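The values are calculated or read from the model by the stated rules, or taken from the named source; none is laboratory data. Worth saying up front: this structure is predicted, and the values here are computed from it rather than measured. Glycine also receives a Cβ, built like all others from the backbone with ideal geometry; neighbour counts cover every protein chain displayed. Heavy atoms of the whole protein, side chains included, go into the accessibility calculation; ligands, DNA and RNA do not. Shrake-Rupley method; radii C 1.70, N 1.55, O 1.52, S 1.80 Å.
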Amino acid sequence: YLAEPTGGIVVRLPEGMPAPTRGTVMLIGGPLADPYGQLEIRPRSDGVRVEGSGAIPVPSSLVGAPGEATEGRLVAFDGIVDTRPTKSTSGDLSFLVTSAGGVQVRVMADASSGIAMASIVVGAEGRFTGIVGQRASKKGVLDGYRVWVRDAADLALASPTPSTGPSASPTS
């Protein structure tokens with residue numbers, strides 16, 4: 001993911017190329033692609049050049065649902081985990097979060113993020129930071145938006161609060 005003050009874009013690095021650390025300034029050149037509606041750059045290995053290091057972008061607040069206007073942006077929002085994570089065959093995690101504004105957001109974590117399924121607990125409240133991406137249901141449809149967290153630092157979760165409601169009384 002590359003970001004600058006007015007936006008960002010996903011970069012699909014060439015196979016075997018290590019991912020840069022946060023704050024690395026890069027010059028990227030290559031063809032654009034839009035698989036499943038998500039615009040991304042797909043450079044060859046000679047289209048990637050490290051220029052130095054710089055400030056890490058500050059996320060924008062996600063107000064409402066992620067969509068076309070926020071695609072490619074680094075965002076943050078507060079919410080509560082609604083579902084247990086599921087793991088795809090590629091190892092990616094997926095779970096739903098209800099934002100403080102009442103909008104349900106699909107949160108994804110790539111297998112390389114190092115986030116363990118056990119660290120995502122239903123009812124946990126916290127701050128979620130990540131990049132808005134898209135996997136549309138079909139070409140030209142503006143749906144399938146989600147927030148991709150990059151690693152465990154993008155999840156600031158507190159354990160769910162135990163219920164203080166009435167408990168069942170034993171019967172004789």
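Could you list, in sequence order, all residues of the range 47-62 that are hydrophobic (A, V, I, L, M, F, W, C) and over 15 Å from the mean Cα position of the chain (by Cα)? Correct list: VAL48, VAL50, ALA55, ILE56. Note on the range 106-115: residues that are closer than 22 Å to ARG22 by Cβ and in contact with a Pro (Cβ under 9 Å, 6 or more places away or on another chain) total 3.
The set of residues in the range 118-152 being over 28 Å from ASP34 (Cα atoms) and not charged (D, E, K, R) consists of ALA118, SER119, ILE120, VAL121, VAL122, GLY123, ALA124, GLY126.
For the criterion of being more than 26 Å from ALA100 (Cβ to Cβ), modelled with pLDDT of 95 or more and outside any strand (DSSP E or B), GLY30 passes.
Would you pick out the residues in the range 22-33 that are closer than 16 Å to ILE131 by Cβ and open to solvent by 60 Å² or more (accessible area, probe 1.4 Å)? Scanning the range 22-33 gives a single hit, ARG22.
When SER112, SER61 are checked against the criterion of being open to solvent by 70 Å² or more (accessible area, probe 1.4 Å), in contact (Cβ under 8 Å) with a residue 60 or more places away in the chain and farther than 20 Å from LEU39 by Cα, a single residue qualifies: SER112.
Determine whether SER53 is under 19 Å from VAL10 (Cα atoms) and out of contact with any Leu (no Cβ under 8 Å at 6 or more places or on another chain). In short, yes.
When the range 68-97 is limited to residues that are under 29 Å from PRO5 (Cα atoms), more than 13 Å from the chain's Cα centre (by Cα) and in contact (Cβ under 8 Å) with a residue 24 or more places away in the chain, the one that is most open to solvent (accessible area, probe 1.4 Å) turns out to be GLU68.
Residue-wise test of (1) among the hydrophobic types (A, V, I, L, M, F, W, C); (2) closer than 24 Å to ARG127 by Cα.
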site	(1), (2)
LEU27	yes, no
PRO35	no, no
GLY52	no, no
ILE56	yes, yes
GLY67	no, yes
ARG84	no, yes
LYS87	no, yes
GLY91	no, yes
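Just to be sure before I move on: is GLY133 of a type in the set (Gly, Ala, Ser), at pLDDT below 95, open to solvent by 70 Å² or more (accessible area, probe 1.4 Å) and not in a helix (DSSP H, G or I) in the structure I sent? Against the criterion (of a type in the set (Gly, Ala, Ser), at pLDDT below 95, open to solvent by 70 Å² or more (accessible area, probe 1.4 Å) and not in a helix (DSSP H, G or I)), GLY133 does not qualify.
Out of ARG49, ARG84, one residue alone is among the basic types (Lys, Arg) and part of a loop (DSSP other than H, G, I, E, B). It is ARG84. For the range 28-44, the criterion of being within 17 Å of ALA153 (Cα to Cα) and without any contact (Cβ under 8 Å) to a residue 24 or more places away in the chain is satisfied by no residue at all. Taking the residues in the range 136-156 that are part of a loop (DSSP other than H, G, I, E, B) and open to solvent by 60 Å² or more (accessible area, probe 1.4 Å) as candidates, determine which candidate is nearest to ARG12 (Cα to Cα). For the range 136-156, the residue satisfying everything is ARG150. The requirement of being in a strand (DSSP E or B) and open to solvent by less than 70 Å² (accessible area, probe 1.4 Å) is fulfilled somewhere in the range 10-21, by at least one residue.
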